[in-house]
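Q: Before I ask anything, let me first share the structure, which is written out below as structure tokens.
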Amino acid sequence: CAPKKEPVPQQDMDDSIILGFSQIGAESAWRTFNSHSVKKAAEDAGIQLLFENAEQKQAKQIKAIRSFIVYQVDVIAFVPIVADGWDNVLTEAKDAGIPVLVTDRKINTSDETLYAGFIGTDSIREGREAALFLQKKFSSSERDKPVRIVEISGTDGASCVIGRAEGFRDIIDDNPDFEIIYSSSGDFLKSKGYEIMLGILDEIDNIDVLYSHNDGMTLGAIEAMKERGIRPGKDIVIVTIDAEQAAIDALRKGEVNCVIECNPRTGPVIMDLARKLAEGETIPRLMHVQEEVFTEWDDLDAIEPRGY
Ligand code: GYE
């Protein structure tokens, strides 16, 4: 017969916090590592994690959050795949007395009491850094016409995409030496980055810059450029966001010119915040993760292995 299970001491059961976490999917290496960070941190913190993968569907996230409410978890945390459409389900969580932590991407809501706080990326800053790099990159070039930029953005409606586009345009739109000649969403997918770039190269001439909202799409776009005999990082300057290892490797090879870090290592701080919320403490409303910028001018050997 099955070995007799040791009963879990009652106070251990009482002590372990139950955290319901709704993740959006596995669309990129960044996302996969973010999920790993959350799972590992929960294990290290002794927090019982109910982890749901929504496979890129907001409806599945809403269903997962409702299941957490029924289960009466202590805290709910989630990555909102898009910024809108959360008020109803978060009102249900509020009515059930369950605190909510928004992570990675932000939400739009008319009722700020629907969530306790946000921890994640500062996407407006990331967009600005991309533009500032381009201004520096082209500052010495004597040009009689503007620098022609194509943008491959991420999932439509995601706060990080809105922010990366907004931050970039805050600077670029005021500078007559630059113009964005094309923009399209690649949904953060490598395959779409490839398809879109192939289409752009067949339709548009004289492209100077690719601004891509994540490394996965950039890697796909680089494959397309090579297929068309274009030298990535030389014929077309490339700025990309995330800083996964493959992008740093491309930077070292001169196939990418600037990599802006978006930090996926939020697991430990999410667990710390969840514990505080479970214990009835307040947390900061807005926390941005630490992020660096890596350019072709830096000491690239000094960059630590990325882990994702
Ligand atoms: O840049 C991308 C992922 O939400 C900031 O989502 C995150 C983005 C990240 O798919 O690789």
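The values are calculated or read from the model by the stated rules, or taken from the named source; none is laboratory data. Please read all numbers here as calculations on a predicted model, not as lab measurements. Here the Cβ positions follow ideal geometry from the backbone for every residue, glycine too, while neighbour counts run over all protein chains shown. SASA here: full protein model, heavy atoms, side chains in, ligands and nucleic acids out. Shrake-Rupley method; radii C 1.70, N 1.55, O 1.52, S 1.80 Å.
Q: Over every pair of different alpha-carbon atoms in region 82-181, take the mean of 1/r and invert it; report that Kirkwood radius in Å.
A: After inverting the mean inverse Cα-Cα distance, the result is 15.6 Å.
Q: Using per-residue counts of other Cβ atoms within 10 Å, averaged over each peptide, order 137-144, 151-158 from highest down.
A: Taking the mean over residues of other Cβ atoms within 10 Å, the ranking is 151-158, 137-144.
Q: Looking at the P(r) of the chain, how many percent of alpha-carbon pairs lie beyond 28 Å?
A: Cα-Cα pairs of the chain separated by over 28 Å account for 43 percent.
Q: Rank-order 269-275, 159-165, 61-67, 176-182 by packing density, defined as the average count of other C-beta atoms within 10 Å over each peptide's residues, highest first.
A: Per-residue Cβ counts within 10 Å, averaged per peptide and sorted highest first, yield 159-165, 269-275, 61-67, 176-182.
Q: Further question on the same structure: Once you have all Cα-Cα distances for region 163-308, histogram them in 5 Å bins from zero and send the whole-percent values.
A: Taking all Cα pairs of region 163-308, the binned fractions are 2, 8, 17, 19, 17, 14, 9, 6, 4, 3, 1, 0 percent.
Q: Same structure again: In percent, how large is the relative contact order of the chain, given Cα pairs closer than 8 Å and 6 or more residues apart?
A: It rounds to 19 percent for the chain.
Q: Please sort through the DSSP H helices of the chain and keep those with an alpha-carbon extent of at least 15 Å along the long axis and a Kyte-Doolittle average not below -1.0.
A: Length and hydropathy pass: 29-45, 58-71, 123-137, 159-172, 190-203, 215-227, 267-278.
Q: With every protein chain present, what is the per residue accessible area of the chain (1.4 Å probe, Å²)?
A: That works out to 46 Å² for each residue.
Q: Quantify how much of the Cα-Cα distance distribution of region 180-228 extends past 14 Å, in percent.
A: 40
Q: Check Lys106: other-chain or 5+ apart residues with amide H under 5 Å from its amide H, H built from backbone geometry?
A: Answer set, sorted by chain and number: Ser159, Cys160.
Q: Protein chains only, probe 1.4 Å: how do His36, His213 rank by accessible area, largest first?
A: Descending accessible area places them as His36, His213.
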